[in-house]
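> This is the structure I have questions about; it appears just below.
The values are calculated or read from the model by the stated rules, or taken from the named source; none is laboratory data. None of the values given here were measured: they were computed from a predicted structure. Here the Cβ positions follow ideal geometry from the backbone for every residue, glycine too, while neighbour counts run over all protein chains shown.
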Amino acid sequence: MTNLIVSPTLRINEQVKSMWEDGKDVLHLGFGESRFPVHPEMKNALMNGMLNRSYLPSPGTKKLREKIAGYYSKNLGLNFSPEQVIVGIGSKSLLFAMIYLTDGDILLPKPSWVSYSAIAKLSGKAITRFDLDRSCEFRLNIETLNTAYDSAKRKGQNPTMIVLNTPNNPIGNSLSQADIEAVTIWAEKNNILILSDEIYSLVTFKETTHTTPVSYFPDKTIIFGGISKHLSLGGWRLGISILPNNEIGDQLKSGFDSVAGSIWSCVPAPFQVAGETAFSHNQDIEAYIKLCTKIHSVRTRYVYDRLNKKGLECPKPTGAFYIYPSFKKWSEQLSALGILSCSSLADHLLNEYQIATLPGIAFGDDPENLCIRISTSYLDMETDEKAQHILDTFNSDIDPKTFLKDHHPRINHFLSRMNDFLSTLN
């Protein structure tokens with residue numbers, strides 16, 4: 001128990017809320033929560049499901065699984081059956097179940113979402129990280145991956161799983177089709193199970209195409225998703241997973257029934273009913289998803305462009321709502337300020353400039369890389385009223401420059417504070 005830690009993303013969120021209560025004007029860029037209002041169709045769907053109070057099957061109702069199978073089949077151009085689908089209390093419960101049920105150890109990108117390593121540790125799995133190519137927009141590098149795999153084997157580990165996340169948290173980029181094809185060839189050669197976290201797949205920016213590893217390696221790829229990001233429904237905790245259509249998938253589903261049945265029984269019935277609407281290809285909801293994604297894109301690229309012009313090095317965002325800058329070029333100046341790691345950098349920004357971010361070490365990155373994760377999803381959308389204003393304003397066909405300049409005071413306040421900090425380094 002002494003080795004367990006609280007999720008850094010949840011911890012920073014509670015810390016910021018506490019500072020707000022103390023009257024401090026903290027700019028919250030530390031929490032990756034999409035803040036758009038609940039779509040009316042989803043609100044009605046949940047209300048319609050409120051009287052459903054009975055226990056349901058652990059993998060989800062047949063109707064919901066049929067909806068999910070049809071939705072992902074259409075979106076990905078593949079053919080999934082309802083028998084391949086399971087639902088859980090958010091995607092975390094599904095990731096935990098699949099990692100727990102699979103023999104062997106795990107390969108994780110550096111950096112990668114905080115919960116992957118936490119879940120692996122809870123499941124008793126050894127973790128080996130492989131570097132992404134920082135010189136080329138954090139692309140996947142098969143040589144680096146192979147080196148990490150060989151290193152794990154030499155240490156006596158048994159790596160049998162790899163986690164891929166596209167679009168990526170914390171980086172904000174997407175794996176290319178070429179990268180996906182290359183890693184699936186490598187995984188098939190080495191008999192590796194791919195855990196493909198595609199929770200941000202519907203928050204992929206317009207000029208980028210989302211590619212799933214299932215297209216190339218269906219026999220040993222598991223898709224993870226949910227409604228938290230593209231529908232801004234994180235608190236509803238409805239996650240989905242699509243298993244391989246073979247004996248491996250059957251075994252995992254059987255094991256999942258045991259894990260879920262022993263711990264949480266089922267996703268609450270009202271949310272399963274609402275999920276049927278979420279995955280029904282409702283035209284209004286699909287239009288809403290595209291609109292929200294466009295706003296995420298405009299806001300995130302606006303922040304990225306201005307930080308980039310100030311000399312911050314970070315990959316160009318192609319999905320989700322994250323920016324992952326490195327301050328390493330200023331390591332000497334930061335050292336003079338007593339800032340020697342990404343953690344002390346994040347602390348300095350919070351304490352001196354009231355900017356809340358997350359340090360790269362939370363995502364398994366090396367502290368000396370001096371990286372932080374910036375989430376653009378919270379500012380100017382802290383309340384439902386503010387979020388609705390952002391949505392309504394963008395929907396009025398306003399010029400994007402005016403939209404960002406005149407309707408995002410806190411984003412611009414952040415950029416001003418960050419400019420003040422960067423001026424101390426130049």
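> Out of (1) touching a residue at least 24 places away in the same chain (Cβ under 8 Å); (2) in contact with a strand residue (DSSP E or B) (Cβ under 6 Å, 6 or more places away or on another chain), the odd one out for GLN388 is which?
(2)
> Which numbered condition trips up ILE180, out of (1) part of a helix (DSSP H, G or I); (2) surrounded by fewer than 22 Cβ atoms within 10 Å (Cβ to Cβ)?
Result: ILE180 passes all but (2).
> Give me the residue from region 47-77 that is of a type in the set (A, V, I, L, M) and touching a helix residue (DSSP H, G or I) at 6+ places or on another chain (Cβ under 6 Å) and, out of that set, surrounded by the most Cβ atoms within 10 Å (Cβ to Cβ).
LEU64
> Quickly run through region 103-130 and pick out the residues that are out of contact with any Leu (no Cβ under 9 Å at 6 or more places or on another chain) and outside any loop (DSSP other than H, G, I, E, B).
ASP105, LEU108
> Could we say that ILE295 is touching a helix residue (DSSP H, G or I) at 6+ places or on another chain (Cβ under 6 Å) and either more than 21 Å from SER196 (Cβ to Cβ) or not in a helix (DSSP H, G or I) (or both) here?
yes
So that you can scan it fast, the table gives a plain yes or no per residue for (1) among the basic types (Lys, Arg); (2) farther than 13 Å from LEU108 by Cα; (3) surrounded by 18 or more Cβ atoms within 10 Å (Cβ to Cβ):
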| site | (1), (2), (3) |
| --- | --- |
| ALA120 | no, no, yes |
| ASN173 | no, yes, yes |
| ILE185 | no, yes, no |
| PRO218 | no, yes, yes |
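> Which ones in region 308-346 are touching a Cys at 6+ places or on another chain (Cβ under 9 Å), outside any loop (DSSP other than H, G, I, E, B) and surrounded by 20 or more Cβ atoms within 10 Å (Cβ to Cβ)?
Within region 308-346, ILE323, CYS342, LEU345 meet the criteria.
> Could you grab the pairs with beta carbons closer than 6 Å, sequence gap of 6+ or different chains, first residue in region 142-153 and at pLDDT below 95, second one buried (at least 16 other Cβ atoms within 10 Å of the Cβ)?
none
> Mind telling me which of the residues ASP420, ASP380, ASP392 ends up being assigned to a helix (DSSP H, G or I) and closer than 30 Å to LEU334 by Cα?
Being assigned to a helix (DSSP H, G or I) and closer than 30 Å to LEU334 by Cα holds for just one of ASP420, ASP380, ASP392, which is ASP420.
> Is there any pair linking a residue in region 92-116 that is at negative phi and of a type in the set (Gly, Ala, Ser) to one that is modelled with pLDDT under 95 and part of a loop (DSSP other than H, G, I, E, B), with Cβ under 8 Å and at least six apart or on different chains, and which?
SER115/SER7
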